[in-house]
Amino acid sequence: MDAGSGHSAGDGGEAETRSDAGSDAGNDGGRDTGFDGGIDAGQNGGMDAGADGGMDAGPDGGMDAGPDGGMDAGPDGGMDAGPDGGLDAGPHGGLDAGPDARRDAGPDSGVDAGLDAAADAGLCAVPRFEQLTFAVGQQPVAVLPAPPIFGGDVLVANYFDGTVSRHRFDGGAWGRVGTIAVGPSPHGFAVADLNRDGRADLIVTNRDDAEITIRYQDSDAGFDPPVSVGVGPGPLWVAVGPLNGDLWPDLVTANLDVGGFTVLFGSAQGFSAARTFATSGAIHHVEIAELTGDGISDLVLANNGQGRVELWAGLADAGFEERLVLDAGLMTRSVVVRDVTGDGRADIVAVSRAANTADIYPRLSDGGFGRFTLATGSAPMLPLVGDLSGDGRPDLVVPQSSGVASVFIATSQGSFAAPFAVDAGQGPYGAFMFDFDFDGDLDIFVTEFDAASVTVLRRNGCDQP
Ligand SMILES: [Ca+2]
Ligand SMILES: [Ca+2]
Ligand SMILES: [Ca+2]
Ligand SMILES: [Ca+2]
């Protein structure tokens, strides 16, 4: 269990300001423990590379455009999936999986809360949102909740600043409670206990380099110096999960600049040499999920360059092979794996930025996938999946770089009411859903790339249909 040793190596990085130190201190243990969950970040990365091969712009140049945010989507469920001990908890999850799960899982009754009366009934066909905004760093990209045991803190990767900032709600407003130095051009990130010491660690992609940066949490609730690990060029998002059947969390990055994805296998000695797999077309986003029925984790990729979703099956020797291609729209930015149709099988949801579409691919009993397409507003960045209406059916939220999010409420298994739009700030990029106020309903967080802030869409009551 001294796994950590192998991991630390970088040089100095003491940068974090933890104002929360106090709280960590006494109860470090407690807090962190649950935290490893694995939230991965999702996002999709921005850069619009897509079509044009990408990278056009520089660093973010592209980005602006798009954010895509994805955040995290989690693989399916990650959470439920469970076997990996928690790690996979997250994917998109961060988004939904988490919180949602808790909610649904429980007696969906759960919607208690003072905030919404209507929701008390358990149903809310047209959820209403109260919009809050708080300042973060420059050019915020990925956003995720720290695990609930952290008290509802939210982490944001600030691309321009080279930081991950930590924010907390005090009951009336959000404030910054810490800043963690990471590598240059942070984009996507994940939170997981990589070295299995009971403390969650932070994994961040360095979008403009071919590296990721890892910050291992130490026993004082600070962090060891940063560790850099090489991956393919242009890593946008990173997913954490079990890939090779041991107990050590593994990583995979979605690489934009020349396409492909990079796999890193965890061990007691740290990570193996990176193994990069080539694809035809720039990859914007990746999720880990088991979709082939053999118990070995697979990868679902958003191929921005080709406008499609790819399923790469995990093999017994820890390799991967392309198994299935699902047509999407131009500039496929982000994917989520989650059971959206309610039949117990994980489905895939993807958005395509230039097509203004969200595609849902229900997994069929024969292992194949169906497809139906929803029209979104302009420039969708990522899909969020979670039950907003209180009926137990997952709903769909699609933030768009045009500044709104389209909300699709499920009306039955696999079909949705006509969407309504909510304001999502300036340049929505990354997003997740998380019940930060613990009132039983999911709230939505969206980074505003163009405004150095995060918009919170707090669920608060219902409108009449
Ligand atoms: Ca750890
Ligand atoms: Ca599999
Ligand atoms: Ca619902
Ligand atoms: Ca809430």
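Laid out as a table, the results:
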quantity: Given (1) within 28 Å of GLY370 (Cβ to Cβ); (2) modelled with pLDDT under 95, index of the condition TRP312 fails; calculated: (2)
quantity: Test: residue in segment 306-323 that is in contact with a helix residue (DSSP H, G or I) (Cβ under 8 Å, 6 or more places away or on another chain) and either aliphatic (A, V, I, L, M) or touching a residue at least 24 places away in the same chain (Cβ under 8 Å) (or both); calculated: no
quantity: Segment 383-425, subset in contact with a Phe, Trp or Tyr (Cβ under 6 Å, 6 or more places away or on another chain) and among the hydrophobic types (A, V, I, L, M, F, W, C), residue farthest from ligand 3 (Cβ to nearest atom); calculated: VAL422
quantity: Members of segment 412-465 found to be assigned to a strand (DSSP E or B), buried (at least 23 other Cβ atoms within 10 Å of the Cβ) and among the aromatic types (Phe, Trp, Tyr), listed by number; calculated: TYR429, PHE432, PHE434, PHE445
quantity: GLY222 vs. criteria within 16 Å of ligand 4 (Cβ to nearest atom) and either over 20 Å from the mean Cα position of the chain (by Cα) or among the aromatic types (Phe, Trp, Tyr) (or both); calculated: no
quantity: Meets criteria (crowded, with 18+ Cβ neighbours inside 10 Å and modelled with pLDDT under 95) for ARG393; calculated: yes
quantity: Check on VAL397, farther than 24 Å from GLY342 by Cα, among the aliphatic types (A, V, I, L, M), under 17 Å from the mean Cα position of the chain (by Cα) and more than 16 Å from ligand 1 (Cβ to nearest atom); calculated: no
quantity: Of the criteria (1) part of a loop (DSSP other than H, G, I, E, B); (2) within 22 Å of the chain's Cα centre (by Cα), which one ASP391 fails; calculated: (2)
quantity: Of residues in segment 247-287 being modelled with pLDDT under 95 and under 18 Å from SER297 (Cβ atoms), the one surrounded by the most Cβ atoms within 10 Å (Cβ to Cβ); calculated: PHE271
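The values are calculated or read from the model by the stated rules, or taken from the named source; none is laboratory data. Predicted model only: the values in this text are computed from it and were never measured. Note that we place each Cβ from the backbone using ideal geometry, even for glycine, and neighbour counts take in every protein chain shown.
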